[in-house]
Amino acid sequence: MSPRKAVKHELTREMILNVARKLFATEGYSHVSMRKIAKELDYSHGALYYHFQNKAELFSALVKEDFSLLDEKFYEVMKREINDAEKLQSVLLTFIEFGLTYPNHYEIMFLTKDKEVKFYQHSSPEESYKMFAEALSILSKTKLSVSEVWSIFLSLHGFVAHHSYCEQSFEEVKDMAKAHVRFLLKKI
């Protein structure tokens, strides 16, 4: 029996999540295994099972963590001491900034097509969307219909998806993002 390989750093949940997020976003859920994640980390795949029972649990933890981060960003905007118009503009811009600042997060949250993973997303997307819709409803000067809120979300999502696909950062498209948000605000 060979001696156990010494490791430089203790394997943490955060290390696993960061590598898994990148792999899931670039290769897709079905093409990533616990062994592949472990190999990227230079650990045995057994070490991952100390933190996660299986790939599905790991993916579920990622989705939950990523939506929590987005929710936190919205919450920070909503508690700012600024007028409603500025707050509404900030909510919309925050969504774009989040998507382009955290493209791997966004990919997993909104662009994963694998039917198997939809089950693991639980209620996180619905809860975040509800928070987004409530913010729009509270801050808008006019009463928005459900379809109008959905259209605003889809417009923001399209902006993020396009620029994310082009591998552009938020800083690179910041002026366009602001113009897009101003355009949407004219309709609200």
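Remark: pairs (first residue in region 147-164, under 19 Å from F74 (Cβ atoms); second residue basic (K, R); Cβ separation under 9 Å; 6+ apart in sequence or on different chains) = E148/K187; S151/K187; I152/K187. If the condition is being surrounded by 17 or more Cβ atoms within 10 Å (Cβ to Cβ) and touching a residue at least 12 places away in the same chain (Cβ under 8 Å), then region 23-46 contributes L23, F24, A25, Y29, V32, M34, I37, L41, Y43. The residue that is surrounded by the most Cβ atoms within 10 Å (Cβ to Cβ), among those in region 63-89 that are touching a Lys or Arg at 6+ places or on another chain (Cβ under 8 Å) and within 16 Å of E127 (Cβ to Cβ), is D66. Can you tell me which residue is farthest from K187 (Cα to Cα) among those in region 133-159 that are touching an Asp or Glu at 6+ places or on another chain (Cβ under 9 Å) and in a helix (DSSP H, G or I)? That would be I138. Restricted to region 56-91, and to residues there that are of a type in the set (K, R) and in contact (Cβ under 8 Å) with a residue 24 or more places away in the chain, the residue that is nearest to K141 (Cα to Cα) is K87. Every test in (1) within 26 Å of I138 (Cβ to Cβ); (2) of a type in the set (F, W, Y); (3) open to solvent by less than 60 Å² (accessible area, probe 1.4 Å) is passed by F52 save one, and that test is (1).
The values are calculated or read from the model by the stated rules, or taken from the named source; none is laboratory data. This structure is a prediction, so every number in the text was calculated from the model and none was measured. Neighbour counts are summed over all protein chains in view; Cβ atoms, including those assigned to glycine, are modelled from backbone coordinates with ideal geometry. These accessible areas exclude ligands, DNA and RNA; they are computed on the full protein's heavy atoms, side chains included. Shrake-Rupley method; radii C 1.70, N 1.55, O 1.52, S 1.80 Å.
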